[in-house]
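One structure below.
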Amino acid sequence: MPGSTTYPLLQYFKDGGPVMWPLLLCSIAALTVILYKAYQFLVIRGEAEPLLGRVEACVKSGEHDTAREACEGVRGPISAVVRTGLARAGQPKASVREAVEDAGMHELASLESFLPVLQTVGNVAPLLGFLGTVLGMIDAFFAVAKAGLGDPSVISAGIAEALITTAAGLIIAVPAFVFYNYFVARVNGYSLQMERAASHVVNLVGAEGSEA
């Protein structure tokens, strides 16, 4: 537009000072984790109840191979837990329970993977922004001490550094926290489903009267 001024993103980065480099690393780490976790949850298909219903019907009719095939057709932690239980059909319930619990812990660890990175970025990015604010104000005061207050432009670089780093820290932290809480909610939901699936498959395929 005529008369408008542009301020390129690269110029913001330069004016933000040295703190912009760790903030850039934080943004890359957060974006990488967000994309990875979004894909991980995207490929998980199906809920526990429909799968458990199909498996129970197959097991009760003696079609164990069909039950395992039903699990193979569903990607996600629920099917992994159920498959583990089906692989130990006829064994004592204590043995089946131990196996499905181990499978559940493994799947839960996979679901929670890299979430601490996202949480750390959400906590650290505002602190880095605040650090940049402090450094920028220090630069501004040094400039005033050298040149005096006669020329306001001497402190503009320090003030710009202070404001840019603060904004950058918040811009990185806000989506990091939003996605972290969203992913944690998804993990908690799948954790509950795995617990229900584990209990169901133990009662379904575990040998009666063999409970430890």
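The values are calculated or read from the model by the stated rules, or taken from the named source; none is laboratory data. Predicted, not measured: the structure shown is a model, and the values here were computed from it. So basically every Cβ, Gly included, is an ideal-geometry build from the backbone, and we count neighbours across all protein chains shown.
Just to confirm my filter: which helices (runs of 4 or more DSSP H) fall fully inside the range 65-181 and include at least 1 residues that are in contact with a helix residue (DSSP H, G or I) (Cβ under 7 Å, 6 or more places away or on another chain), closer than 17 Å to Ala197 by Cα and without any contact (Cβ under 8 Å) to a residue 60 or more places away in the chain?
So the answer is 77-87, 93-112.
Among the residues of the range 29-43, which ones are in contact with a helix residue (DSSP H, G or I) (Cβ under 8 Å, 6 or more places away or on another chain) and among the β-branched types (Val, Ile, Thr)?
Matches in the range 29-43: Val33, Ile34.
Of all residues in the range 29-56, which are within 30 Å of Thr133 (Cβ to Cβ) and buried (at least 17 other Cβ atoms within 10 Å of the Cβ)?
Narrowing the range 29-56 to residues within 30 Å of Thr133 (Cβ to Cβ): 29-35.
If the condition is that a residue be within 30 Å of Thr133 (Cβ to Cβ) and buried (at least 17 other Cβ atoms within 10 Å of the Cβ), then Ala29, Ala30, Val33, Ile34 are the ones that fit.
Restricting to the range 160-190, and then to whatever is in contact with an Asp or Glu (Cβ under 9 Å, 6 or more places away or on another chain) and of a type outside the set (Val, Ile, Thr), can you tell me which residue is nearest to Arg97 (Cα to Cα)? Before the answer, list the steps.
The first filter runs over the range 160-190 and keeps only residues in contact with an Asp or Glu (Cβ under 9 Å, 6 or more places away or on another chain), leaving 160-162, 164, 183-184, 187, 190.
Next, from what is left, pick out any that are of a type outside the set (Val, Ile, Thr): 160-162, 183, 190.
Details: Ala160: 60, Glu161: 58, Ala162: 57, Phe183: 27, Tyr190: 18 Å.
Among those residues, the one meeting the criterion is Tyr190.
Sort out which residues of the range 16-28 are modelled with pLDDT under 95 and either among the hydroxyl-bearing types (Ser, Thr, Tyr) or buried (at least 18 other Cβ atoms within 10 Å of the Cβ) (or both), and write them in order of number.
Passing the criteria: Gly16, Gly17, Val19, Met20.
Quick one: how many residues across the range 12-28 are over 15 Å from Gly122 (Cβ atoms) and in contact with a helix residue (DSSP H, G or I) (Cβ under 7 Å, 6 or more places away or on another chain)?
Qualifying residue count, the range 12-28: 7.
For the range 57-85, give me the residue count where each residue is closer than 25 Å to Val43 by Cβ and surrounded by 14 or more Cβ atoms within 10 Å (Cβ to Cβ).
Total meeting the criteria: 17.
Of everything in the range 118-134 that's crowded, with 18+ Cβ neighbours inside 10 Å and hydrophobic (A, V, I, L, M, F, W, C), which residue is farthest from Pro175 (Cα to Cα)?
Leu131
Which residue out of Val43, Val82 is within 19 Å of Asn188 (Cα to Cα), out of contact with any strand residue (DSSP E or B) (no Cβ under 7 Å at 6 or more places or on another chain) and modelled with pLDDT under 90?
So the residue among Val43, Val82 that is within 19 Å of Asn188 (Cα to Cα), out of contact with any strand residue (DSSP E or B) (no Cβ under 7 Å at 6 or more places or on another chain) and modelled with pLDDT under 90 is Val43.
Can you tell which of Ala94, Ala89, Ala109 is modelled with pLDDT under 95 and surrounded by fewer than 16 Cβ atoms within 10 Å (Cβ to Cβ)?
Working: Ala89 fails: surrounded by fewer than 16 Cβ atoms within 10 Å (Cβ to Cβ); Ala109 fails: modelled with pLDDT under 95.
One residue alone meets the criteria, Ala94.
Can you tell me which residue in the range 140-162 is modelled with the highest pLDDT, limited to those that are closer than 20 Å to Met20 by Cβ and surrounded by fewer than 18 Cβ atoms within 10 Å (Cβ to Cβ)?
Taking the candidates together, the pick is Ile159.
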